[in-house]
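Encoded as structure tokens, the structure appears first; notes follow it.
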Amino acid sequence: MNNYIYTDSLRLQELVYGLKIKEVMTRDIFTLPLRAKMKEAKQILKKNHITGLPVVENSRVLGMISMNDVINALEKGSMEEPVTEWMSRDVQVLSEDMSLSFAFSAFNKYPYRRFPVVDKENRITGIITFRNINLALINKLSSQLNELEHSSGENIAAERISGFTKVYTIRQYDFENGGKASAEIKKILKEKKLPDTVVRRAAVACYELEINLAAHSIGGMLGIDINSRRIKISSSDLGPGIENVDKAMEAGFSTASEWIRSMGFGAGMGLPNVKKVSDKFNIHSESGVGTMVRSVIYINNQ
Amino acid sequence: MIRLNDLKEINGITILNKVNTGKTVTGAYTSDLLSDVMANAEEGSVLITIQAHLNTIAVASLCGLPGIIFCSGRNASSEVINAAEKEGIVLFSSRYNQFKTSMIIGKMLEN
């Protein structure tokens, strides 16, 4: 049983423990001095499209100003007041040498969407958001996947000459763009003059995985890697993970919301469809961590 | 053999955009479940559905469906129409429900 469940070394959790916060965080950050006014906080947030700012003195984090604080101050007409009147002083910081797993639990434990990161002397060195984690893990995952392939002898460098690799970011609930990545992939495959059945199967796998990312995950990545022998489609996300993978593979089982169902999805056909069109299919998921799916379709194997 | 052009002659079915109307229709598939369409619709078929949104266009394009008939009088937003035009997919709106629409198309395909 469970022949589609990953048994090799690719473990999301290991990645989460193996990376340090400082490898992942944003170092180039905006901060506010203690004497700054709320209107300055507003300007910085707006101009740089960010949603939170640490208030800092002598590299120490004394508070955080969020978009919400700015809105509240705006409503009360208090934009001339100093940020110290409005900032939250109850700031949770993370240490840069902690493993990424600490950041994970902090995001689960606290309602904040960003944490200032400090060094051993408690000086601010960066900020970490979920986006940082997402990008870092995806990078790590794709390099591990490549290594895995390499070690299994599946990938010969020369084959990549006519190959193609691309990673698409898929956002949660973004059905408006649903199918864009798949459409592009289909176009590329058609241009390569691959057999229609191969193109169709790859399109089905791509589309279902793309919709799954939008409907069920907090957002993730869809990767495509083509060489002369096979098309590999991999999807990875960072949550919430599938509680029961066996159930998710059953045709007709779905956890989709009414809204997703009303769009014509969520009938429990997605993953079974992907498996059906794949020559090789792996899924690895951990509740609270994330899900990875890999579909391989051979080109000359019809 | 019927062409997309022929569908607009049917009483109760209106055409919503005019691209590639000369394309042949080789069959039809009726479903409101896009994953089902994805898995089972044959290339060249016209899709009969009530799902009048962007994802329907995406699925039709991926499956090589040249036309879509939105049933029960559903209309398409300009966004949907634009997307369909870009993909070269002809859209129709049918006054009838999916069953009745399927019967009409079925008869045409038989002849």
Using θ = phi - 60° and Karplus 6.51 cos²θ - 1.76 cosθ + 1.60, couplings along region B:100-105 (whole Hz; Gly, Pro as x): 4, 4, 4, 4, 5, 5
Label-point separation in nm, residue B:26 to residue A:193, each point 7 Å along Cα→Cβ: 2.0
Share of carbon and sulfur in the accessible heavy-atom surface of region A:153-298 [1.4 Å probe, %]: 54
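Taking all protein chains together and a probe of 1.4 Å, list A:218, A:65 from the most accessible to the least accessible.
A:218, A:65
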For region B:64-74, 3J(HN,Hα) per residue [Karplus equation, 6.51 cos²θ - 1.76 cosθ + 1.60, θ = phi - 60°, Hz, x = Gly/Pro]: x, 8, x, x, 10, 10, 7, 9, 6, x, 5
Degrees separating the helix A:196-216 axis from the principal Cα axis of chain A, which is the longest one: 30
Average accessible area per residue (Å²) across region A:168-302 - probe 1.4 Å, nucleic acids and ligands excluded: 39
Charged-residue dipole, Cβ positions (Lys, Arg, Asp, Glu), region A:153-298 about Cα centre, Debye nearest 20: 680
Order of exposure, largest accessible area first, which applies to A:235, B:77 with probe 1.4 Å: B:77, A:235
Amide H contacts of residue B:25 (H built 1.01 Å from N, under 5 Å, at least 5 apart or other chain): B:2, B:3, B:4
Shielding by partners, peptide B:61-70 (average Cβ within 10 angstrom, other chains): 3
Percent of C-alpha pairs per 10 Å bin, region A:153-298, short to long: 12, 44, 33, 10, 1
Computed P(r) (all Cα pairs; chain A; 20 Å bins; percent): 30, 48, 21, 1
Amide H contacts under 5 Å for residue A:230, placed H, 5+ residues apart: A:299
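Calculate, for residue A:180 and residue A:244, the FRET efficiency according to 1/(1 + (r/R0)^6) with r their C-beta to C-beta distance and R0 25 Å; round to the nearest 0.05. Each step should come with its number before you reach the end.
Details: r = 30 Å, r/R0 = 1.22.
According to the calculation, E is roughly 0.25.
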Volume of the Cα convex hull of region A:7-129, divided per residue and given in Å³: 108
Table column - 3J(HN,Hα) (Hz), region A:74-79, Karplus curve with 6.51, -1.76, 1.60, x for Gly and Pro: 4, 4, 8, x, 10, 5
Total lysine pairs whose alpha carbons fall under 17 Å of each other in region A:7-129 (8 or more apart, or interchain): 8
Largest-first ordering by accessible area, 1.4 Å probe, given options A:164, A:115: A:164, A:115
Dipole-positive endmost among A:19, A:254, A:45 within the protein assembly as shown (Cβ charges, Cα centre): A:45
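The values are calculated or read from the model by the stated rules, or taken from the named source; none is laboratory data. Because the structure is a prediction, the values reported are computed rather than measured. Reconstructed Cβ throughout: ideal geometry from the backbone, glycine too, with neighbour counts over all protein chains shown. All accessible areas refer to the heavy atoms of the entire protein, side chains included, with ligands and DNA or RNA removed. Shrake-Rupley method; radii C 1.70, N 1.55, O 1.52, S 1.80 Å.
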